[in-house]
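The values are calculated or read from the model by the stated rules, or taken from the named source; none is laboratory data. Everything numeric here is computed off the predicted structure, so don't read it as measured data. Cβ atoms come from the backbone with ideal geometry, glycine included; neighbour counts cover every protein chain shown. Just so you know, the surface numbers come from the protein's heavy atoms only, side chains and all, with ligands and any DNA or RNA stripped out. Shrake-Rupley method; radii C 1.70, N 1.55, O 1.52, S 1.80 Å.
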Amino acid sequence: MAETLLITRIGELVTNAAADGSGGPGGFAAIADAALVVEGDRVAWTGSSARAPAADAVVDAAGRAVLPGFVDSHAHLVFAGDRGAEFAARMAGRSYAAGGIRSTVAATRAASDAELRAGLRRLAGEMLRQGTTTFECKSGYGLTVRDEARSVALAAEVTPEVTYLGAHVVPAEFDGDSGGYLELVCGPMLQACAPHSRWVDVFCERGAFGADEARAVLAAGRACGLQPRVHANQLGPGPGVSVAVEAGAASADHCTFLSEADVAALASSATVATLLPGAEFSTRQPYPDARRLLDAGVVVALATDCNPGSSYTSSMPFCIALAVRDMGMTTAEAVWAATAGGARALRRADVGYLAPGARADLIMLDAPSHAHLAYRPGVPLVRAVWQSGHRADAR
């Protein structure tokens, strides 16, 4: 029998557990003056501290809040190079465009596997220290068969949630021949990347790929067993959301410029709207209207979009604070979106909540409630992290 751990005297335990008591994931839910028992890699019990069972080991939370580990469902962590000068120029007035990706492509192609692995693990460590226990990782900065294949292989070393994003932009060597690049993306590149990937993604945007091209990429990915997700409606109105819903994508990501038809399509589908406020912060684009989506009944997730060009942050707490301050979300909605919402965007039923049977991924805050993640922006509130029941990081 696995050892048990009791965390007791929790000021607020955010469970996100089903209201019917089934133990599965549900809407935002929390218990005051709570306790939680971990057995092996799973949550075994939750309830009031006064009713807590005995366990092999005990941690006294001393009134601190405990939450599910964050689930970051959109990140680009395999890359080389630095785009700080581009950020500075943008802050001085230059507009953001998808073409900036090409500078990272050049640096990534020139980097060794060891260099890419070191950068990837550094960012994964940053995420963990800030409470992210599950994350997705995309390719998309290689854009050759060799470089995309090594990108997804490296990503698979640190997460099972690997996304093939050969359709990020058309690389310079295919200028004037986007059809030729699309054949590569849907053919030899996909064949090389599919064994290491769970997802296929496409940047459906002006300056990247149009609707028919996006449909072709997603169909080819599905034929290789990959599930679709889409970069949609980031830089302006466009077909990305409709393509995502039509394809049965798990997630349409960005969702900044939406028509009424886009919102209605998302609300009537199983496609999650994943919002990435770090990108709007870094590009000075308008923030997505989360309130509009939530009021329409759309499932919303929050993610970092960690990447070197448009959102170089690995901090889910920062994105929660932005969502509350600038996107019309309540603190409870933002925390749910960063935990259970991210799990929905990855079609995971084992993370994002804390109830018997859930994976024991949890964080303890140096604060009495989840609201402090937005109330105290920029403050390193994550005191301890447990991943699959093991203490993963602490201070």
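Can you check how the C-alpha radius of gyration of the range 351-395 compares to 2.2 N^0.38 Å, as a plain ratio?
1.24
May I ask you to evaluate 6.51 cos²θ - 1.76 cosθ + 1.60, the Karplus curve with θ = phi - 60°, for each residue of the range 67-84 and list the ³J(HN,Hα) values in order in whole Hz, giving x for glycine and proline?
In residue order, the calculated couplings are 10, x, x, 5, 10, 9, 9, 8, 8, 10, 9, 9, 6, 10, x, 9, 10, x Hz.
Compare Ala88, Ala44, Ala118 in a GNM of the chain, Cα atoms joined below 10 Å, and give the one with the largest fluctuation.
Ala88
Using only alpha carbons, build the gyration tensor for the range 208-254 and give me the equivalent ellipsoid semi-axes, biggest first, whole Å.
Semi-axis lengths for the range 208-254 are 18, 11, 8 Å.
At what distance in angstrom do the alpha carbon centres of the range 196-224 and the range 155-177 lie from each other?
10
Would you grab the residues whose amide H sits under 5 Å from the one on Gln234? Only those 5+ places off in sequence or on another chain, please, with H modelled 1.01 Å from N.
Close amide H contacts, sequence-distant or interchain: Cys255, Thr256.
Translational D (Stokes-Einstein, µm²/s) of the range 250-395 at 20 °C and 1.002 mPa s when Rh comes from the Kirkwood sum over C-alpha pairs?
Using the Kirkwood radius from Cα pairs, D works out to 136 µm²/s.
For the range 17-98, what does the accessible surface come to per residue with a 1.4 Å probe? Please give it in Å².
In whole numbers, the range 17-98 has 43 Å² accessible per residue.
Could you give me the percent of Cα pairs per 10 Å distance bin for the range 1-103, shortest bin first, beginning at zero and ending with the bin that holds the maximum distance?
Over the range 1-103, the share of Cα pairs per 10 Å bin runs 13, 31, 18, 11, 20, 7, 0 percent.
Taking only C-alpha pairs under 8 Å that are 6+ residues apart, what is the relative contact order of the range 329-391 in percent?
30
With equal scatterers on the alpha carbons only and no solvent term, can you work out the Debye log10 of I(q)/I(0) for the range 147-243 at 0.15 1/Å?
-0.54
Computing the accessible area with a 1.4 Å probe over protein heavy atoms, can you report the carbon and sulfur percentage for the range 46-180?
Of the solvent-accessible surface of the range 46-180, carbon and sulfur hold 55 percent.
If you average the C-alpha positions of the range 271-339 and of the range 91-141 separately, how far apart do those two centres end up, in angstrom?
One Cα centre to the other: 19 Å.
Multiply the residue gap between Ser388 and Ala88 by 0.36 nm, knock off their C-alpha separation, and tell me the result in nm, one decimal place.
104.0 nm is the gain from fully extending Ser388 to Ala88.
Give me the percent of the accessible area of the range 249-395 that comes from carbon and sulfur atoms, probe 1.4 Å, all protein chains in place.
Here carbon and sulfur together make up 53 percent of the probe-accessible area.
Just the accessible area per residue of the range 112-165, please: how many Å² with a 1.4 Å probe?
Per residue, the range 112-165 has 31 Å² of solvent-accessible surface.
Report, as a whole number in µm² per second, the diffusion coefficient that Stokes-Einstein gives for the chain at 20 °C and 1.002 mPa s using the Kirkwood radius over alpha carbon pairs.
102
Could you go through the range 351-364 in sequence order and give the Karplus-derived ³J(HN,Hα) for each residue, using 6.51 cos²θ - 1.76 cosθ + 1.60 with θ = phi - 60°, rounded to whole Hz, and x for Gly and Pro?
3J(HN,Hα) across the range 351-364, in whole Hz: 10, x, 8, 10, 7, x, x, 5, 5, 7, 9, 8, 10, 10.
So what is the orientation-averaged projected area of the range 117-171, using the convex hull of its C-alpha atoms, in nm²?
Mean orientational projected area (the range 117-171, Cα hull): 3.8 nm².
Where does the chain land at 222 nm, in deg cm²/dmol rounded to the nearest 500, when only DSSP H runs of n ≥ 4 count, each adding -39500 (n - 2.57), divided by all residues?
-9000 deg cm²/dmol
Positive end of the dipole of the chain, charges at C-beta (+1 Lys, Arg; -1 Asp, Glu), about the Cα centre: which of Thr304, Pro237, Ser151 has its Cα farthest in that direction?
Checked the options; the winner is Thr304.
Residue by residue, what Karplus-based ³J(HN,Hα) values in Hz, rounded to whole numbers, does the range 197-212 have, using 6.51, -1.76 and 1.60 with θ = phi - 60° and x for Gly and Pro?
Rounded to whole hertz, the list is 10, 9, 10, 10, 10, 8, 8, 8, 6, 4, x, 10, 10, x, 4, 5.
What is the chain's relative contact order, in percent, from Cα pairs under 8 angstrom and six or more apart in sequence?
It comes to 20 percent, rounded to a whole number.
Which whole-number value in Å² is the accessible area per residue of the range 285-338, probe 1.4 Å?
29
In debye, nearest 20: dipole of the range 51-174 around its Cα centre with unit charges on the Cβ of K, R (+) and D, E (-)?
300
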